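Asks: Mind looking over this structure? Questions follow.
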Amino acid sequence: MGVKTLWKERANEFWSMAIKYLRYIGNSGFLFSIYVAILVGSFYYGQLLKVLPENFPAVELMTIILFFMVGRGKIRTFLKYPDANFLLPLEQRFRPYIQRSLLYSYTMQAFNVLVILLVLGPLYFAQVTSERASYFASILLILLLTGWNLFARWEELRVPDGRKRKTLPLIRQAFILLTLYSILQGFWIVTGVLVVGLSVLYMVVYRPLAAQHTLKWERLIGLETDALMLFYRIANMFVEVPQLNRKVKNRTWATPFLNLLTGPSGNIYRYMYSRAFIRSNDYFGIFLRLTIIGIVLMLILPYGMLLWTANVLILYMTAIQLTTMWPHYDLKVWVDLYPVSREIRFETFQNMLMKIMLIQVGLFTLASYLKHMSFFQSGIVLITGIFLVLAFVRIVLFKQLSKRFEIIAGRS
């Protein structure tokens, strides 16, 4: 089998798997919440642009957003662990495979950057300049910068562990940050100098790395595995993913929260699920991140429909993602030894999920009140939040889980 055929088969294998999981995500209510968020966000985005002050740091904000997108340099190779035993002597013959991986990686990342640039377009025209030629020139230069970063990142992966390996990414990201700011600010002479500097930097520093060091196949396989696990974790929010590695984190600092969830009861499933929520996979991390995002939105959004919609969407997204805890112990044989029915297990899961969600509702309500000092606005946040939690836990939860997992004998 040729390396071109191998890359094509690996890519097709990944996308066949990915499309299967994307269908589950599409059939969930998550996409509906995304559509609503886009529609509501588009309306208020336009309203926000009208009231922004002239001294609003639009260029700085766009630079930071684009820096996180352009500076990632995410490379997909579709390599697998067994490949490390065979690829070491085949680097030269493997060049077509690498070229296709880099082209694929650039295409995916350039598409994401282009979407962000289109979203930032109205802000650019409102705050920076109304010249379309300047905007399209910025898009072209930023897409070229994305490609430069990707290829420089690829050469960096050859460098062994050491001081040089830590220094090169800092240099690369500093140049990207300066170039992005110069492009968005319209400093075209400075931009031209930086483009020349980037070209010289690549030819003098990065390109020679290919002759100095061989590819670190295990490092590439590790990066590919991390990217695959990230996709699995996202898919696992909607459907059980057997390939997802289970990780346990010792979060001793979260013990008070753990005791709050467990309570004085001797219910074994409450004990198990509360510990799964705190320590296993990234359930607690998902809850914490969405809660922080929700609190920030409560603190910065104006009162009214946008505030209430953001409250409902964040709560719904949290609830959907935490339903993946239900089958957490299904592959553990010893769980079946407990003389506890699945009806009790499901009721315990319902109550724990409700308690977690009500904590989030309380935090959002408090943040809303601190921002607006209005019992009416905070009351709506509280009431809509409680209503959504009760409706989801008592009605939607069983329907959601019955599509994905066996829940209770005789009911699924």
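The values are calculated or read from the model by the stated rules, or taken from the named source; none is laboratory data. No experiment lies behind these values; they were computed from the predicted model shown. FYI the Cβ positions are ideal-geometry reconstructions off the backbone, even for glycines, and counts take in every protein chain you see.
Asks: Which residues, counting only those in the range 195-210, are hydrophobic (A, V, I, L, M, F, W, C), within 14 Å of ASN149 (Cα to Cα) and surrounded by 12 or more Cβ atoms within 10 Å (Cβ to Cβ)?
Replies: Those that are hydrophobic (A, V, I, L, M, F, W, C), within 14 Å of ASN149 (Cα to Cα) and surrounded by 12 or more Cβ atoms within 10 Å (Cβ to Cβ): VAL195, LEU198, LEU201, VAL205.
Asks: Residue under question is LEU49, and the condition is that it be more than 27 Å from MET17 (Cα to Cα) and in contact (Cβ under 8 Å) with a residue 40 or more places away in the chain; does it hold?
Replies: Spelling it out, LEU49 is indeed more than 27 Å from MET17 (Cα to Cα) and in contact (Cβ under 8 Å) with a residue 40 or more places away in the chain.
Asks: OK, next. Please specify each residue of the range 179-194 satisfying the condition of being closer than 22 Å to PHE151 by Cβ and surrounded by 17 or more Cβ atoms within 10 Å (Cβ to Cβ).
Replies: THR179, LEU180, TYR181, SER182, ILE183, THR191, LEU194
Asks: Same structure, new question: If you check LEU103, LEU117, LEU170, which single one turns out to be under 22 Å from the mean Cα position of the chain (by Cα), under 26 Å from LEU230 (Cα atoms) and assigned by TED's automatic domain parsing to the domain that holds ALA11?
Replies: Details: LEU103 fails: under 22 Å from the mean Cα position of the chain (by Cα); LEU170 fails: under 22 Å from the mean Cα position of the chain (by Cα).
Every option except LEU117 fails the conditions.
Asks: Check VAL51, VAL40, VAL36 and return the single one that is at pLDDT below 80 and either assigned by TED's automatic domain parsing to the domain that holds MET317 or over 22 Å from LEU313 (Cβ atoms) (or both). Can you show your working first?
Replies: On the way: VAL40 fails: either assigned by TED's automatic domain parsing to the domain that holds MET317 or over 22 Å from LEU313 (Cβ atoms) (or both); VAL36 fails: either assigned by TED's automatic domain parsing to the domain that holds MET317 or over 22 Å from LEU313 (Cβ atoms) (or both).
After ruling out the rest, the residue left standing is VAL51.
Asks: Would it be correct to say that ASN351 is of a type in the set (S, T, N, Q), modelled with pLDDT under 90 and closer than 30 Å to LEU52 by Cβ?
Replies: No: the conditions fail for ASN351.
The rows are residues; the columns are (1) part of a helix (DSSP H, G or I); (2) within 17 Å of PHE67 (Cα to Cα); (3) polar (S, T, N, Q); (4) free of Cβ contacts under 8 Å to residues at least 24 places away in the same chain.
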position: THR146; (1), (2), (3), (4): yes, yes, yes, no
position: THR191; (1), (2), (3), (4): yes, yes, yes, no
position: VAL195; (1), (2), (3), (4): yes, yes, no, no
position: VAL204; (1), (2), (3), (4): yes, no, no, yes
